[in-house]
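What follows is a single structure, written as structure tokens, with notes after it.
The values are calculated or read from the model by the stated rules, or taken from the named source; none is laboratory data. The shown structure was predicted, so the numbers you read here are calculated from the model rather than taken from an experiment. Cβ: placed from backbone, ideal geometry, glycine included. Neighbour counts: every protein chain shown. Calculation scope for accessible area: heavy atoms of the full protein, side chains included, ligands and nucleic acids excluded. Shrake-Rupley method; radii C 1.70, N 1.55, O 1.52, S 1.80 Å.
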Amino acid sequence: MVTQLMNIAMALASTLISTTAFAPIQRAVLPLHSVVVSCSAPSRTPARGCQSGRFSVSLFMAEDPEVKKESVLDRITGPKLFKTVTNWNGIHSVPLVPLRILTGLLMIHHGSEGGVGPANFGTPEFQGFVDYIMKPQFGFLPGSPEIWAAIHDYAEFYGGIFFALGFLTRPAALSLLVTMLSAVYFHLSASGSQGFPLGHVSNYSYDFEEPLLYALIFLVFWFNGAGPVSIDSLIYDAISNEETEDE
């Protein structure tokens, strides 16, 4: 059917190019389709048409006036309300930037008990972490509790910085995920579930609630990477030969 239509169009164009009415017909736009005839001969003029040389015929489908452009309200209330995004590129990656940066910055101070930097041996805050958290709940770990406390501080302090910058994001997210899961274990061992999910506590949040939410955030970035506005993305663009990648 399409071939027959093309043959008819070419026959029509062949008849028209020998008439002086060719120029206005070439510029005409029909409601549903338009026929455009182009001539490659240098002697072509609007008055004479295409006297010699090649010509080509193109069919173009006009826009359907019944098709309505999707609005923002349609995206909010229409079928896309229930659609799950499968590719976090473009506009879908925008929320990842403040989420990653603020999460990393909020994590830094957790790794600096008793000072500005991590692992402040001999300070009351660092020793309290060892005596009241590491020894009672993590005494099964081999080696010195002070060493494990220092590893915890380094992971949260430098891991938070790397995570905020988006540099080595997956290793940083994995190390922070381990520390947060350890914190969840500690709070569940010390305080239990506290009546979760319907129980009410004095400080309005369960003790394990904060580290659990942090752990879920780090899990997302461990799986998906840093996202835009990150050092990792700049490094990947510089060393990768792939223009596009579907992960």
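When the range 93-122 is filtered for residues that are touching a residue at least 24 places away in the same chain (Cβ under 8 Å), in a helix (DSSP H, G or I), closer than 17 Å to Tyr158 by Cβ and of a type outside the set (A, V, I, L, M), the ones remaining, listed by number, are Arg100, Thr103, Gly104, His110, Gly111. With respect to (1) surrounded by fewer than 19 Cβ atoms within 10 Å (Cβ to Cβ); (2) touching a Gly at 6+ places or on another chain (Cβ under 6 Å); (3) under 19 Å from Val229 (Cα atoms), the lone exception for Thr123 is condition (3). The number of residues in the range 82-99 that are within 14 Å of Val229 (Cβ to Cβ) and open to solvent by 100 Å² or more (accessible area, probe 1.4 Å) comes to 2.
Scanning the range 99-124 for residues that are among the charged types (D, E, K, R) and in contact with an Asp or Glu (Cβ under 6 Å, 6 or more places away or on another chain) yields one hit, Glu113. A Cβ distance below 7 Å, combined with a sequence gap of six or more or placement on separate chains, defines the contacts here; from the range 210-228, residues that are under 19 Å from Phe167 (Cβ atoms) reach residues that are modelled with pLDDT under 95 and of a type in the set (Gly, Ala, Ser) in the pairs Ala226/Ser233; Gly227/Ser93; Pro228/Ser93. For the residues Val67, Val85, the requirement of being in a loop (DSSP other than H, G, I, E, B), modelled with pLDDT of 75 or more and aliphatic (A, V, I, L, M) singles out Val85.
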